[in-house]
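The values are calculated or read from the model by the stated rules, or taken from the named source; none is laboratory data. These numbers come from a predicted model, not from an experiment. Positions of Cβ are backbone-derived with ideal geometry, glycine not excepted, and every protein chain shown enters the neighbour counts.
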Amino acid sequence: MQAKKPADSYTVMTQMVLPNDTNGLYNLRGGKSLHWMDLATAIVAQKHSERVSVTASVDNVSFRHPIKVGDVVTIKAKITRAFSTSMEVKAEVWAENIPNRRKVKSNEAYFTFVALNDLGEPERVPEVEPETEEEKDDFARALRRRELRLILAGKKQPGDSHELKKLFTEK
């Protein structure tokens, strides 16, 4: 299986916030934002793996800036790293008020997907071959994020986390 470049597995999704997407303050509902993020990142995971891919986890999502009715939301999703059957995909959410010429990053999150074969069993995925400095940085940090996810899920002991230990022991 040949490695793929992150630029081969990305997507940009754009939506306009309509009244039925908002809460009582006319801000985009968090659940709707997460729904759009999940769709965008799922497209990336499926492009990379060329398989049906299912969401396994979503990292912490903090909504830093409210997105108002009428704003245009752009979600940029890009693969950061692939493991044996799972993939990490980064989603960035940008809100733009076109008449006011105001664009702000609302939030970002990392999604983990697992590729499945025709029997619904995990399937191996191609590796990621980062090229740019940003891609290389995301690739390296993905291993730490993965170890933290596994610890929080109870699938790994903190003492067995080599990458996280390095954060506290390297000078």
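Is it the case that region 140-162 has a residue that's among the acidic types (D, E), closer than 25 Å to D21 by Cα and under 19 Å from the mean Cα position of the chain (by Cα)? Quick ask: steps written out before the conclusion?
Step one: of region 140-162, the residues among the acidic types (D, E) are 147, 160.
Checking which are closer than 25 Å to D21 by Cα leaves us with none.
No, there is no match, as no residue in region 140-162 is among the acidic types (D, E), closer than 25 Å to D21 by Cα and under 19 Å from the mean Cα position of the chain (by Cα).
Across region 1-23, what is the total count of residues that are of a type in the set (S, T, N, Q) and either under 25 Å from E133 (Cβ atoms) or outside any strand (DSSP E or B) (or both)? Break it down stepwise before answering.
Initially, region 1-23 is screened for residues of a type in the set (S, T, N, Q), giving 2, 9, 11, 14-15, 20, 22-23.
Retained after the next criterion (residues that are either under 25 Å from E133 (Cβ atoms) or outside any strand (DSSP E or B) (or both)): 2, 9, 11, 20, 23.
Total meeting the criteria: 5.
Have a look at V89, V104 and point out the one that is under 22 Å from T14 (Cβ atoms) and more than 15 Å from the chain's Cα centre (by Cα).
Values: V89 fails: more than 15 Å from the chain's Cα centre (by Cα).
Just a single option satisfies the conditions, and that option is V104.
Please work out which residue is surrounded by the fewest Cβ atoms within 10 Å (Cβ to Cβ), limiting yourself to region 1-41 and to residues that are closer than 19 Å to H65 by Cα and among the small types (G, A, S).
G24
Report yes if some residue within region 26-43 is touching a residue at least 12 places away in the same chain (Cβ under 8 Å) and in a strand (DSSP E or B); otherwise report no. If you could, list the steps in order and put the result at the bottom.
The first filter runs over region 26-43 and keeps only residues touching a residue at least 12 places away in the same chain (Cβ under 8 Å), leaving 26-28, 30, 33-34, 36-43.
Filter once more, so that each one left must be in a strand (DSSP E or B): 27-28.
Yes, that holds for at least one residue.
Among the residues of region 70-95, which ones are more than 30 Å from V128 (Cβ to Cβ) and surrounded by fewer than 16 Cβ atoms within 10 Å (Cβ to Cβ)?
To start, the set of residues in region 70-95 that are more than 30 Å from V128 (Cβ to Cβ) comprises 70-71.
Matches in region 70-95: G70 only.
Among (1) of a type outside the set (K, R); (2) closer than 27 Å to Q2 by Cα; (3) surrounded by fewer than 16 Cβ atoms within 10 Å (Cβ to Cβ), there is one condition S57 misses while meeting the rest; what is its number?
Among (1) of a type outside the set (K, R); (2) closer than 27 Å to Q2 by Cα; (3) surrounded by fewer than 16 Cβ atoms within 10 Å (Cβ to Cβ), S57 violates only (3).
I want to confirm something. Restricting to region 134-171 and keeping residues that are of a type in the set (D, E), assigned to a helix (DSSP H, G or I) and at pLDDT below 80, which single residue is surrounded by the fewest Cβ atoms within 10 Å (Cβ to Cβ)? Step through it out loud before you land on a result.
Looking only at region 134-171, we keep the residues that are of a type in the set (D, E), and these are 134-135, 137-138, 147, 160, 163, 170.
Now narrow it down to the ones that are assigned to a helix (DSSP H, G or I): 134-135, 137-138, 147, 160, 163.
Now drop any that are not at pLDDT below 80, which leaves 160, 163.
Values: D160: 11, E163: 15.
Filtering first and then ranking leaves D160.
I'd like to check something: does region 46-53 contain any residue that is hydroxyl-bearing (S, T, Y) and outside any loop (DSSP other than H, G, I, E, B)? Full working, then the answer.
First pass over region 46-53, keeping only residues hydroxyl-bearing (S, T, Y): 49, 53.
Checking which are outside any loop (DSSP other than H, G, I, E, B) leaves us with 49, 53.
Scanning region 46-53, I find at least one residue that is hydroxyl-bearing (S, T, Y) and outside any loop (DSSP other than H, G, I, E, B), so the answer is yes.
Just the residues that are surrounded by fewer than 22 Cβ atoms within 10 Å (Cβ to Cβ) and either under 20 Å from A7 (Cβ atoms) or of a type outside the set (K, R) (or both), please, taken from region 96-111.
First, the residues of region 96-111 that are surrounded by fewer than 22 Cβ atoms within 10 Å (Cβ to Cβ): 96-109.
Matches in region 96-111: E96, N97, I98, P99, N100, V104, S106, N107, E108, A109.
Yes/no per residue for (1) closer than 22 Å to T74 by Cβ; (2) out of contact with any helix residue (DSSP H, G or I) (no Cβ under 9 Å at 6 or more places or on another chain); (3) free of Cβ contacts under 8 Å to residues at least 60 places away in the same chain:
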residue: R102; (1), (2), (3): yes, yes, yes
residue: K105; (1), (2), (3): yes, yes, yes
residue: V125; (1), (2), (3): no, no, no
residue: R149; (1), (2), (3): no, yes, no
residue: A153; (1), (2), (3): no, yes, no
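May I ask you to say which residue of A3, A45, A56, A40 is more than 17 Å from the chain's Cα centre (by Cα) and more than 17 Å from N97 (Cα to Cα)? Even if it seems obvious, please write down each step before you answer.
Working: A45 fails: more than 17 Å from the chain's Cα centre (by Cα); A56 fails: more than 17 Å from the chain's Cα centre (by Cα); A40 fails: more than 17 Å from the chain's Cα centre (by Cα).
One residue alone meets the criteria, A3.
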